[in-house]
Structure formats: C-alpha cells, structure tokens
1. Sort out which residues of segment 15-25 are open to solvent by 60 Å² or more (accessible area, probe 1.4 Å) and not hydrophobic (A, V, I, L, M, F, W, C), and write them in order of number.
2. Output yes when any residue across segment 59-69 is on the phi > 0 side of the Ramachandran plot and in a loop (DSSP other than H, G, I, E, B), and no when none is.
3. Just checking, does segment 3-19 include any residue being within 12 Å of the chain's Cα centre (by Cα) and modelled with pLDDT under 95?
4. Considering segment 70-92 alone, what residues qualify as being hydroxyl-bearing (Ser, Thr, Tyr) and either touching a Gly at 6+ places or on another chain (Cβ under 6 Å) or in a loop (DSSP other than H, G, I, E, B) (or both)?
5. Consider Asp12 carefully, then state whether it is touching a Phe, Trp or Tyr at 6+ places or on another chain (Cβ under 9 Å), surrounded by 12 or more Cβ atoms within 10 Å (Cβ to Cβ) and not in a helix (DSSP H, G or I).
6. If the requirement is being without any contact (Cβ under 8 Å) to a residue 12 or more places away in the chain and either aliphatic (A, V, I, L, M) or exposed (fewer than 10 other Cβ atoms within 10 Å of the Cβ) (or both), which of these qualifies: Lys66, Lys52?
Amino acid sequence: MAKFALCIGINDYPGTGSDLAGCVNDVRDWSALLQKKGFAVLQIIDKKATGKNIRSAIESTMGGAKSGDTVIIQYSGHGSYVPDENGDEPDG
C-alpha cells in the first residue's frame, strides 16, 4: 500500500494586504513529518499555489492512488465563506 501527500501553503497574497506568516512553515513541518512516516510528498507553495495548479495536483495525487492506499491533503492559507443555507452555522 502506497502513501501519498499533497501539502499546500500560501503566505503571499499579492495586492491584498492579507499576507500570512506561518503557512509555508506549516507545509515544511507537515512534509517532514509525513516523509518520516513513509509518504511521498508533493509541495505547492505561494506563487505556484494557483487554483489551476492545486486542482491539477489533487487530480494527479488522487489519480495515482489505488484502493488501500493512503492519501493526505494538507492546506494552510486563507479560507473562504459560503452562505449557510440551512441555518446550522452560528456565523451564518
């Protein structure tokens, strides 16, 4: 059984004033830990972490996995909001 991991970290959000400081470090730390556990790790950081590149990396990571393999996808960066359509979230 194979072990695959995709680690994504984005500190740099050009032109937004919303840069972060620890996301790339998160990727480095998670990658090191996962490699010690026998995972083949792919990293995508900052400028390379475009929507297109992330989707492609997810597809290739998942596409390489077979039944019984382990896949981990780790993300560190800004999230987003979507409307709470059924009222189950306190922040709407």
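The values are calculated or read from the model by the stated rules, or taken from the named source; none is laboratory data. This structure is a prediction, so every number in the text was calculated from the model and none was measured. Cβ atoms come from the backbone with ideal geometry, glycine included; neighbour counts cover every protein chain shown. Remember, those area values only see protein heavy atoms, side chains included, never the ligands or the DNA or RNA. Shrake-Rupley method; radii C 1.70, N 1.55, O 1.52, S 1.80 Å.
1. Residues satisfying the conditions are Gly15, Thr16, Gly17, Asp19, Asn25.
2. Yes, the conditions are met somewhere in segment 59-69.
3. No, segment 3-19 has no match at all.
4. Ser76, Ser80, Tyr81
5. Criteria not met by Asp12.
6. Lys52
Residues are listed down the side, and each one gets a yes or a no for (1) in contact with a Lys or Arg (Cβ under 7 Å, 6 or more places away or on another chain); (2) at negative phi; (3) open to solvent by 40 Å² or more (accessible area, probe 1.4 Å):
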{"residue": "Arg28", "(1), (2), (3)": "no, yes, yes"}
{"residue": "Phe39", "(1), (2), (3)": "yes, yes, no"}
{"residue": "Ile44", "(1), (2), (3)": "no, yes, no"}
{"residue": "Tyr75", "(1), (2), (3)": "no, yes, yes"}
{"residue": "Pro83", "(1), (2), (3)": "no, yes, yes"}
{"residue": "Gly87", "(1), (2), (3)": "no, no, yes"}
